[in-house]
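Scroll down for the structure; my scribbles are underneath it.
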Amino acid sequence: MLIKDSRQVISLFIIIGLLIVLCVLPHISSAYIVSLFISILYFTSLATSWAIFAGPTRYISFAAAAFIGIGSYTTAFLVETLPMVFVIIIAAVIGFCLAAVVGLATLRLSGIYFVIFTFGLTELIRQLVLWFEINITKNLGRYIFSDFGRPEIYYGLLILCVLTFVSGYILHRSRYGIALRTIGDDETVARHSGINATWVKVVTFAATSSVMSAAGAIMAPRWTYIDPHIAFNHIVSFEIAIMALLGGITHLFGPVLGVIPLVLLLEFLSTTFPHYSLVILGLSFLLIVFLLPNGVVGVGRSLMKLFSTSGDRGPS
Amino acid sequence: MNETTLLQVSGLKKAFGGLVAVNDIDFHIEAGEVLGVIGPNGSGKSTLLNLITGETKKDTGAVKLNGNDISAMQPHQICRNKISRTFQLVRVLPTMTVEENVMVGLLFGSERKNFNECRDEIARLLSTVDLGEKSGFLASQLTYIDKKRLELARALANQPILLLLDEWLAGLNPSELEESINLVKRLQESGITLVIVEHVMHAIRSLCDRVFVMNLGQKIVEGTPDYVLSHADVVSAYLGDESE
Amino acid sequence: MIVLEIILNGIVLGGMYALIGLGLNFQFGIARIINIAYGEVLMVAAFCAFFLYTIFEINPFLGLLIILPVSFVINWLFYRGVLVFLVRRAKGVQDILEKDSILATFGLIFLIQGVVTLVWGTDFRKYLYLTDGVPIFDTIFPLNRLIACAVAIAIGLITYLLLKFTRSGTALRAVAVDPTAAQITGINVQKYNALAFALGGVLIATAGVLISMYLSFEPSIGMVYTMKALIVVILGGLGHMLGCLVGGIILGVAESLGAYFVDPGLTLAINYALFILILLIRPKGLFGVN
C-alpha cells in the first residue's frame, strides 16, 4: 500500500513540475521553441482526445480534420465580433452537436461504416463549405486578423490539454469510464448488463470531437489565412491516429509518447524531404500495426511484466 | 394466464430472410417455476432467448412481463426490468478482474449501485457461485467452468426476477454437473424464476417443473419432464439423440 | 426529354459503379477483409493505363490484358503475405481484426499515393481515347463512356454466371454465406478467401482502366471510389452480386438527378446523403439477409 501511495505522490510531483515549466516556457525561450511546443500541445490535445474514444471502443475515426476545420472557420467568422474565449466555446459546442448527429447515425453499426463515414465527413463538410463560400458569401478564403498571438495560442492550447487530461482521468475512474471499458471488452455483455451502449459511445465521441473543434479554433489565428482546402486537410486526421497509436491508446498518457517523436519527425521531414511525407506516413502506419500493435505503452507493459517478480493475477 | 404468470409470450415470430427461426410461439412462465426449453440444434431456442432479451427484434407477437409488453425494448432496458441471462458461448469481460466483472453487473443493473455500496455485495455474489478466492484474477485466465460461474454471478448482480440460462450446464463433467444443478436449485429456492435451455436431459429431469420442446421454430410438446421426454414426437425430433 | 437524358446518364454512370461495388463484394463479402485501400487499386490501374497508352501507345483494352493479371497477383500476394498474418494474430476477435485491417490498409493508402505522387506528381492526368460522340435520344454520349459501361455490365454478368454455374463459383458463394459450414463440407476456405480477394482486385482494376478512358484522375481519387463502392454494396446488400447492379444504378441515377436539379458541385454530398439514408433505414441493403 505504501509503495502505491508514494508512486502516486511522485507522479503528482512530476506533473506539477512539468506544468510549472510549461507555464513559464514562453517567457524563457525563443520563438522557435514556443512554436514547437505549440505544435506539441496542439497534437497532444487532439491525439489524447482521439484516444479517449478509440481506446476503449476500438472505433477508428478519421473525422478529426472535419472538427478542426469547423473550429477554424468558427474563428474566421467570429473573431472580429466576439472575444476569443466565446469563439472557442462556440466552436466546441458546434463540434459537439455535429459529432452527436454523426455518432447517432453510425455508431450503432460496425467499425468499417464508421471509418468510411468519418473520412467522408471531412470531404463532405469541405465541399459544403466551399459551395457555401463560392455561391453565397462569394469568398474563397478568409483572413483572420486578431490580437490572439503566439503566447495566447500557447496558453490556450495548454489549458485545453490540461482540461483534456483531467477529464480523461476523471472519466476513467468514473462509472462512465467503466461502462466505456465494458463496451470495449464486449458490447453484448455491456448492453445486457444495463448499459445503453449507443448513448455512451455517442456522448464520448461528441465530447472528444468538441475538444478537436476547440483546438482548431485556437490554432486558426496562427494560420492567418484559411480556405476550405487548408482548413479541412485530411492529413491531420491520419497524423493524429498514428501519433496516438504509436504511443498507445490504452493509457491516458500514451498518445503523448507518440506525439513528441512524430512532431519532431514531421518538422524534420517538412524541411528536408517534403515530398516523401506521405510515403513515410504510410510506412509508419504499417510499422505500428505490425510491430507495435499496442504502441510504446504496450512495449512498456510487456517489459514491466518481464521484470516483475510475482503475478498476483492468475491461477498459480 | 393467471395472476402468477410472470412472462406471457404470444404469437412470437422471427424470420431471417427466408429462414423462419421462431414460428408463432405461445407460452407462459409461472412465477417461481423452472421452465425447461429443449430441442434439436437449429430449433430456434437461442433466437427465442434473444427475442425475449431484446437482442433480436421480433417480426410480430408480444412478450408481456407482468402484463407489460417488453417486446420492443432494448437489452439494457430488459436488464433494468430485472431479466438476466447467460450466453451459450460464455461471455466474460477479458481485460477486467473477476471482481470488476461482477461490479459491472451491480453498477448498471436494476439496482444501479454506487462504487462504495458494491464491495459486500460482490463478495456475497462470488461466494454464491464459489469464486470467492479468485476475486483478483483476470477473467480471461479463468477455467471454462469458472467463467460460467462468473457469468452467472454477473447475471445475479442484477437481482433478477427472471433468469435465462442458455446451455449453462453444457460441457461439465459429472461432479461439476451435480454441483451446478444444486446451485440452480438454490437459485430457485431463493425466489428467482428460471428458464433453462438445455441438451443435458438429466438436468432437465432434476430441475424443471415444466418443459416445452421446440423443433423448427415451433413448440411441439409441453408438459412435465417425464411426459415430454418419453413423447414419441420429441424422440423422433431428436432422432434418438438423448445426451446424458 | 431532359429527365430521360438524366436517367440515361445515371444508368451509364451506374453500370460502372456496379462494377466498382462488385469487387468490394468479393473482398469484403467473401474474404471478409476490410480493405480501405480498395480505391487505390483503381487509381493505380488508371495511371498504368495512362502510362501504357501515352508512352507505349497500347490502347486501354489491350492494356487490360497486362494490368488485370498483375492486379490479380499483387492482390493475392497481399492477402497471403500480409492479411493472413493479421487474421492469425487477431485470434478470432473480430474487433481486433477489423481495427488492424483498417489501419494496415490505411497505411497502404498513403504508401501507394505517396509512390504514385513521387512518380507522376499531383496534377490531374487525362488521355483521349474513343472520344467520338454517339447520339442517343437527342443526347450525345461519348463512345468511351458507353463502351466502358457496356464492358462493366458484361463483366458483371460474366462474374454472376461464373459464380452460379462453376464449381469454384459455388465454393466462393458458400464461403460468403458461412465460412465455417463451408469448411466442414470440405472447401478449402483459405484458398478461396485468397482467390476472392484477388478477384476483387481484378474487378476494381478493370474499373480503373475503363474510367481512365473518360475521366481525369490524380493520386488522391482512390478514397472517393472506395466510398462509392461501399455505398453500392450497402445498397445492394453485402454478398449480393445482383444487388450490386441495382445499387450501382441507384447511385448513378441519384448523382445524375442531383447534379441537374441541385448542383453538380455537390455530388459528394449526394453520395453521403444516400449513405446515411441507407444506414439509417435499411443497413442490410435492399437484398441483404441478416
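Coordinate-derived values only; no laboratory data. Keep in mind it's a predicted model, so treat the numbers as computed, not measured. Note that each Cβ is placed from the backbone with ideal geometry, even for glycine, and that neighbours are counted across all protein chains shown.
For segment C:2-221, report the translational diffusion coefficient in µm²/s to the nearest whole number, using Stokes-Einstein at 25 °C, 0.890 mPa s, and a Kirkwood Rh over Cα pairs. Translational D for this selection: 133 µm²/s. A Cα-only calculation for chain A places Rg and Dmax at 20.2, 72 Å. Normalised size of chain B, defined as Cα radius of gyration per 2.2 N^0.38 Å with N residues, equals 1.00.
Restricting to DSSP H runs of at least four residues, report the calculated mean residue ellipticity at 222 nm for chain B, -39500 (n - 2.57) per run over all residues, nearest 500 deg cm²/dmol. Could the numbers behind the result be given before it?
Working: 9 runs with 89 residues, N = 244.
The helix contribution divided over chain B gives -10500 deg cm²/dmol.
Can you give the translational diffusion coefficient of the protein assembly as shown in µm²/s, computed by Stokes-Einstein from the Kirkwood radius over Cα pairs at 37 °C and 0.692 mPa s?
Details: Rh = 29.8 Å.
This corresponds to a translational diffusion coefficient of 110 µm²/s.
When peptides B:217-229, B:35-47 are sorted by average Cβ neighbour count within 10 Å, with the highest value leading, the order is B:35-47, B:217-229. From the C-alpha coordinates alone, can you work out the Kirkwood hydrodynamic radius of segment B:1-107, in Å? After inverting the mean inverse Cα-Cα distance, the result is 15.2 Å. For segment C:71-86, the Karplus equation 6.51 cos²θ - 1.76 cosθ + 1.60, evaluated at θ = phi - 60°, returns couplings of 4, 4, 4, 4, 5, 4, 4, 4, 5, 5, x, 9, 5, 4, 4, 5 Hz by residue, with Gly and Pro reported as x. Take each peptide in C:59-66, A:57-64, count the other Cβ atoms within 10 Å of every residue, and average; sorted highest first, the result is A:57-64, C:59-66. Applying 1/(1 + (r/R0)^6) with r as the Cβ-Cβ distance of B:GLU30 and A:THR188 and R0 = 25 angstrom yields a FRET efficiency of 0.30.
Of the residues C:GLY208, C:GLY29, C:VAL134, the one whose Cα sits farthest toward the positive end of the charge dipole of segment C:2-221, with +1 on the Cβ of Lys and Arg and -1 on the Cβ of Asp and Glu, is C:GLY29. The Cα atoms of segment A:194-316 cover 63, 44, 21 Å along the three principal axes, with the biggest extent listed first.
Of B:LYS82/C:LYS91; B:LYS113/C:LYS91; B:LYS185/C:LYS99; A:LYS201/B:LYS147; B:LYS147/C:LYS284; C:LYS191/C:LYS228, which sit over 32 Å apart, Cα to Cα?
Values: B:LYS82/C:LYS91 34 Å; B:LYS113/C:LYS91 35 Å; B:LYS185/C:LYS99 44 Å; A:LYS201/B:LYS147 27 Å; B:LYS147/C:LYS284 34 Å; C:LYS191/C:LYS228 28 Å.
Going by Cα-Cα distance, B:LYS82/C:LYS91; B:LYS113/C:LYS91; B:LYS185/C:LYS99; B:LYS147/C:LYS284 fall outside the 32 Å limit.
So what is the orientation-averaged projected area of segment B:131-244, using the convex hull of its C-alpha atoms, in nm²?
Numbers: hull surface 32.9 nm².
For segment B:131-244, the mean projected area of the Cα convex hull comes to 8.2 nm².
Sort A:111-121, A:71-81 by packing, meaning the average of other beta carbons within 10 Å per residue, with the highest value first. Mind dumping the intermediate values first?
Values: A:111-121: 23.1, A:71-81: 21.1.
Going by the mean number of other Cβ atoms within 10 Å, highest first, we get A:111-121, A:71-81.
As a proxy for reagent exposure, ranking B:HIS28, A:HIS251 by other Cβ atoms within 10 Å from fewest up yields B:HIS28, A:HIS251. Taking a straight line from the alpha carbon of B:LYS13, these aspartates and glutamates sit under 16 Å away, with near neighbours fewer than eight places off in the same chain left out: B:ASP24, B:ASP26, B:GLU55, B:ASP59, B:ASP69.
Estimate the FRET efficiency between A:SER302 and B:LEU216 by the formula 1/(1 + (r/R0)^6), using the beta-carbon distance for r and 41 Å for R0, to the nearest 0.05. Could you put the intermediate results ahead of the total?
On the way: r = 51 Å, r/R0 = 1.24.
The value I calculate is 0.20.
Taking amide hydrogens as placed 1.01 Å from N in the peptide plane, the amide H of B:ASN215 sits under 5 Å from those of B:ILE220, each at least 5 positions away in sequence or on another chain.
Coupling constants for segment A:155-167 follow from the phi torsions by the Karplus curve (6.51 cos²θ - 1.76 cosθ + 1.60, θ = phi - 60°), and in residue order they are 5, x, 5, 4, 4, 4, 4, 4, 4, 4, 5, 4, 4 Hz; glycine and proline get x. Kindly express, to the nearest 10 degrees and within the range 0 to 90, the angle between helix A:84-106's C-alpha long axis and the longest C-alpha principal axis of chain A. In chain A, helix A:84-106 runs at an angle near 60 degrees to the longest axis.
For segment A:158-207, the spherically averaged projection of the C-alpha convex hull amounts to 3.4 nm². Centre-to-centre, using Cα atoms only, segment A:89-107 and segment B:139-190 are separated by 42 Å. Dividing the convex hull volume of the alpha carbon atoms of segment C:239-290 by its residue count gives 69 Å³ per residue. Placing +1 on each Lys and Arg Cβ and -1 on each Asp and Glu Cβ, with no other charges, gives the protein assembly as shown a dipole about its Cα centre of roughly 860 debye. Between B:ALA72 and B:GLU133, the modelled labels are 5.2 nm apart [label points 7 Å from Cα along Cα→Cβ]. With θ taken as phi - 60° and the Karplus curve 6.51 cos²θ - 1.76 cosθ + 1.60 applied, the whole-hertz 3J(HN,Hα) list for segment A:53-59 is 8, 5, x, x, 8, 6, 8 Hz, x standing for glycine and proline. Considering only C:ILE55, A:ILE28, B:LEU150, the residue lying farthest towards the positive end of the dipole of the protein assembly as shown is A:ILE28, judged by Cα position with unit charges set on Cβ.
Each of C:ILE11 and C:ILE140 was given a label point 7 Å from its Cα along the Cα-to-Cβ line. The distance between the two points is 2.2 nm.
Please compute, for peptide B:96-103, the average count of beta-carbon atoms on other protein chains lying within 10 Å of each residue's beta-carbon.
On the way: counts 5, 1, 1, 0, 4, 4, 0, 3.
Rounded to a whole number, the mean comes out at 2.
Rounded to the nearest 500, what is chain C's calculated 222 nm mean residue ellipticity when only DSSP H runs of at least 4 contribute -39500 (n - 2.57) each, over all residues? Spell out each step's value before the answer.
Numbers: 12 runs with 210 residues, N = 290.
Helix-only estimate at 222 nm: -24500 deg cm²/dmol.
Calculate the FRET efficiency for C:TRP120 and A:GLN8 from the Cβ-Cβ distance with a Förster distance of 56 Å, rounded to the nearest 0.05.
Values: r = 56 Å, r/R0 = 1.00.
After rounding, the FRET efficiency stands at 0.50.
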